[in-house]
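The values are calculated or read from the model by the stated rules, or taken from the named source; none is laboratory data. Source: prediction; values computed, not measured. Counting neighbours? That spans all protein chains shown, and the Cβs are built from the backbone with ideal geometry, glycine included. Heads up: the accessible areas ignore ligands, DNA and RNA and are worked out on the full protein's heavy atoms, side chains in. Shrake-Rupley method; radii C 1.70, N 1.55, O 1.52, S 1.80 Å.
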Protein chains: 2
Amino acid sequence: MNDTAGLKIKIQLMCGEEIAMGPGKADLLDAIRQHGSISAAGRALGMSYRRTWLLVDAMNRCWHDKLVDTVPGGGRSRGAHVTPGGEAILTAYRAMQAAADTATAPLMDDRLHALIRLHPLPSSSGAL
Amino acid sequence: MNDTAGLKIKIQLMCGEEIAMGPGKADLLDAIRQHGSISAAGRALGMSYRRTWLLVDAMNRCWHDKLVDTVPGGGRSRGAHVTPGGEAILTAYRAMQAAADTATAPLMDDRLHALIRLHPLPSSSGAL
């Protein structure tokens, strides 16, 4: 989810009813690349161990190739890495984000900016 | 939220932490235009009366001009309509949607389509 002056664009690649790739999963792939470990990546993003694994599991079930591969055990090579297929999908996803941002930013023009408040007025929902 | 072959794009215009315009609010404005009534518009979208009013209230609090105006009472003119300012904002929002769709659709190419499954594999979360 990118934020350009009050404009948020969220791109999701769907596999049936499941999100195969979205803002959270893309950020998780980036963190796994950086940390070389699923649990360390989740911690860096402030996610629970369970939620982190559910996101990885969903990605691996939604694509024909695994996006994240793990090496179990206690050896030096233990950990997780983003597969070449995962790298390609992440690159394509980031390109879609960039294309959507570039295409919409000029439409969030001064006129529209002048119409929107910086902060909402207080809610009148008490009157409902 | 538009759906182009597994690709969903959700655009939100933010006013602080509140969503000033998004897929649900844009659809509600369309329905108010069509039905001339907030409650009829909400019914047509399968929303509760309370939720419908909360969305209208949020829109009216997030923009300098009211997007929806109501005429109370029992007369012929009773009902709701989208203001000229609301029409302009809705048009700008739909243009952003279209621009994002047009920009990203070519990136959802055959190669990416071939990588994503039509339906996810069963969850292995029982193993967690």
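Seen against the Cα atoms of chain B and their longest principal axis, helix B:84-104 is set at about 10 degrees. The amide H of A:W63, built 1.01 Å from its N in the peptide plane, has B:R117 as neighbours under 5 Å, considering only residues 5 or more places off or on other chains. Here the accessible area is traced with a 1.4 Å probe on the protein chains. For the stretch A:18-108, carbon and sulfur cover 54 percent of it.
Taking Cα atoms only, the orientation of helix A:49-62 departs from the longest principal axis of chain A by about 90 degrees. Taking Cα centre as origin and charging only the Cβ of basic (Lys, Arg, +1) and acidic (Asp, Glu, -1) residues, the dipole magnitude of the protein assembly as shown rounds to 640 debye.
A dipole drawn for the stretch A:18-108 from +1 and -1 charges on Cβ atoms has a positive end, and of A:T104, A:S39, A:W63 the residue lying farthest that way is A:S39. Sorted from closest to farthest, the other copies place their A:D69 label points 6.4 nm away, with each point set 7 Å from Cα along Cα→Cβ. In loop segments of the stretch B:39-93 as defined by DSSP, the trypsin sites (Lys or Arg not before Pro) with at most 14 further C-beta atoms inside 10 Å of their C-beta are B:R76, B:R78. Mean residue ellipticity at 222 nm, helices only, chain B: -15000 deg cm²/dmol; runs of at least 4 DSSP H residues each add -39,500 (n - 2.57), and the sum is divided by the number of residues. Rounded to the nearest 10 degrees, the angle from helix B:23-35 to the longest Cα principal axis of chain B is 40 degrees.
Starting from the label point of A:D110 at 7 Å along Cα→Cβ, the same points in the other copies fall at 4.6 nm, in ascending order.
Relative to the globular-protein estimate of 2.2 N^0.38 Å, the Cα radius of gyration of chain B stands at 1.36. Return the subset of A:K8/A:K66; A:K8/B:K25; B:K25/B:K66; A:K8/B:K10; B:K8/B:K66; A:K8/B:K8 for which the Cα-Cα distance in this structure is over 19 Å, preserving the input order. Pairs exceeding 19 Å: A:K8/A:K66; B:K8/B:K66.
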